[in-house]
1. Checking the structure you have, find out if any residue of the range 582-593 is crowded, with 22+ Cβ neighbours inside 10 Å and closer than 20 Å to LYS531 by Cα.
2. Just one of the numbered conditions (1) in contact with a strand residue (DSSP E or B) (Cβ under 7 Å, 6 or more places away or on another chain); (2) more than 24 Å from GLN337 (Cβ to Cβ) is not true of ASP557; which one?
3. Go through (1) touching a Gly at 6+ places or on another chain (Cβ under 9 Å); (2) buried (at least 18 other Cβ atoms within 10 Å of the Cβ) one by one and return the number of the condition LYS348 breaks.
4. Name, by its number, the condition in (1) assigned by TED's automatic domain parsing to the domain that holds GLY114; (2) under 30 Å from THR104 (Cβ atoms); (3) hydrophobic (A, V, I, L, M, F, W, C) that does not hold for ILE278.
5. Please give the helices (runs of 4 or more DSSP H) falling wholly within the range 553-628 in which 1 or more residues are small (Gly, Ala, Ser) and under 25 Å from the mean Cα position of the chain (by Cα).
6. Would you be able to say whether some residue in the range 308-330 is outside any loop (DSSP other than H, G, I, E, B) and within 30 Å of SER498 (Cβ to Cβ)?
7. So, in the range 162-175, of the ones that are buried (at least 20 other Cβ atoms within 10 Å of the Cβ) and in contact (Cβ under 8 Å) with a residue 40 or more places away in the chain, which residue ends up farthest from ALA129 (Cα to Cα)?
8. Working only within the range 508-520, note down all residues that are in contact with a Phe, Trp or Tyr (Cβ under 9 Å, 6 or more places away or on another chain) and crowded, with 24+ Cβ neighbours inside 10 Å.
Amino acid sequence: MIKAKTTQDYGYGQQSRLLDGITIPTDMRTLTDEELHQLADEVRQQTIDAVSQTGGHLGAGLGVVELTVALHAVFDTPHDRLIWDVGHQCYPHKILTGRRDRITTLRQGGGLSGFTKRSESAYDPFGAAHSSTSISAGLGMAIARDLANGHNNVIAVIGDGSMSAGMAYEALNNAGAMKSRLLVILNDNEMSIDPPVGALSKYLTRLVSSNRYMGAREAGKKVVGVLPPPLRHAVKRAEETARMAMGTGTLFEELGFYYIGPVDGHNLDQLLPVLRNIRDSDHGPVLLHVRTKKGKGYAPAESSADKMHGVVKFDVVTGNQHKIKSHIPTYTKIFAQSLIDQARHDDKIVGITAAMPSGTGLDLFGYEFPDRMFDVGIAEQHAVTFAAGMATEGYKPFCAIYSTFLQRAYDQVVHDVCIQNLPVRFAIDRAGLVGADGATHAGAFDTAYLGCLPNMVLMAAADEAELMHMVATAASYNNGPIAFRYPRGEGVGVDMPSQGEILPIGKGRIIRQGTDIAILSYGTRLQESLKAADMLAAQGISATVADARFAKPLDEDLVTTLADNHKALITIEEGARGGFGSFVLEFLNQNGKLDHGTLKFRTLTLPDVFQDQDSLERQYEESKLHAIHIAHVASGLV
């Protein structure tokens, strides 16, 4: 284990003898098993050093260092396809696949993605950042290989957390039935390495992964198949009992996989021979169960409650993160505190999230109301329908899910909530741009994909006080589904009310009155709209600034007033095309407000691209959603 003492203890400042000679995985395949042990140590040190400079996901990557080294040493990547589920753990993989010289550009503009990405490297055969997709993708690759008469291996590495999603089991079920050659590695990092991983178990695990044992087992099945049913069943039960004694699981066997494990995922002396046996066998789908520890080998990570899963820049020696202290609370915390306040007066309020209690703030709600907070695992579809079921019984579920994760439950939102007009409350965190996490986590589409649904009410918080009001509004609303969106990060520093007030449904507000041009903001760009109005005033242009609050139902009276009393109207939103601006345009068009050409109208949205990772400021610059951009568009209309 790496101890937090001095930089010399980590080997920094010393030249890495083996890693310096590794450009791509082919370079590893001439190393001895003993040298691979050393290489793993060097990769771990390189990972810690890189993330200390960039921030990112640390604990998951440290947990799979030995597994990463073993996979690239044994298999012929990229000809053999290696898929990492989610991608949180892919930094060691990037170091070994030709990207070590750019590893300190992780999650920065123009640098390496924090996840696997097909356009970045041939060693990333499938891009990921949302969980539980690896087995489905791997099976698709395996079947495509079989159709093309290919012979390469396909390996999907999936964590035990990702296995809580139904999609993973759908894929396992399909793969087991297809009988195609596929290796699924279950990375179990919730348990420590304990019995039955002793000397005997290690020997037996290596034995059952061998070609000889697999062949003998298949031959045995044929022999057993001709026995009378009572004897046949007795033999089968005896074999299952023996395999269970080795620490194996019958679930995967019943799904059609050949199960091997558990294997110590930090012990190359176990991993290497087992992986070689699997590589050299001609068996169907195989599930290899490895046990690892998040944060392995770095004392500050191992002792951290979250194993330093997601970190900002930190001191390598102490593990202390360089967090900037701020007195402005985050939107996530405001949501949690507001929900707690409402729940103190209403015992029907419950919180539901999908494996993101801390990310959504529902961990705070759970501390206050442990019997009323439900973390359903990485199962967004189930979360939404579970919430719908509770709503039918008179409860008030707040389903707190990131904007991009809610996409995974779209059918349930449509079919199980909206068609039945059930009062499920959707708290949509990470709505808008998210900086370093990039396109996979940017909440660009929720207004568009929810706004087209009958019965849905949509709100967007312009600041943290507005979020407090919207939580209160959602808690009081019982006429159907209602959603409110809010961004990642800190609020804008407004004075907070003592309690949330219930907003009139479908009504916005005018913040500043002007005469020449109207700026109608939906959500987070209100402050920039006010700055733009100041810039316009300096040019002699008088601007009205309004906060829509609601995208659906649209405040038609407000839109009509703005259209009738100004030369031009601009809508602003931190969302994709097809959202709030489109709703306003449709209303204006249907009501003849654009027929005579007297009103000029523009929509400002996020660009019609998937924006790569960068700083938030640069992403807003690319989106042209800063005050200067708003003012530029406005001045060109009057």
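The values are calculated or read from the model by the stated rules, or taken from the named source; none is laboratory data. Being a predicted model, the structure only gives us computed values, none of them experimental. All Cβ positions, even for glycine, are placed from backbone atoms using ideal geometry, and neighbour counts span all protein chains on display.
1. no
2. Against the list (1) in contact with a strand residue (DSSP E or B) (Cβ under 7 Å, 6 or more places away or on another chain); (2) more than 24 Å from GLN337 (Cβ to Cβ), ASP557 comes up short only on (1).
3. Just one mismatch for LYS348, condition (2).
4. Of (1) assigned by TED's automatic domain parsing to the domain that holds GLY114; (2) under 30 Å from THR104 (Cβ atoms); (3) hydrophobic (A, V, I, L, M, F, W, C), only one is false for ILE278: (2).
5. In the range 553-628, 616-623 are the helices (runs of 4 or more DSSP H) which contain 1 or more residues that are small (Gly, Ala, Ser) and under 25 Å from the mean Cα position of the chain (by Cα).
6. The answer is yes, given that some residue of the range 308-330 is outside any loop (DSSP other than H, G, I, E, B) and within 30 Å of SER498 (Cβ to Cβ).
7. ALA175
8. Selection gives LEU520 alone.
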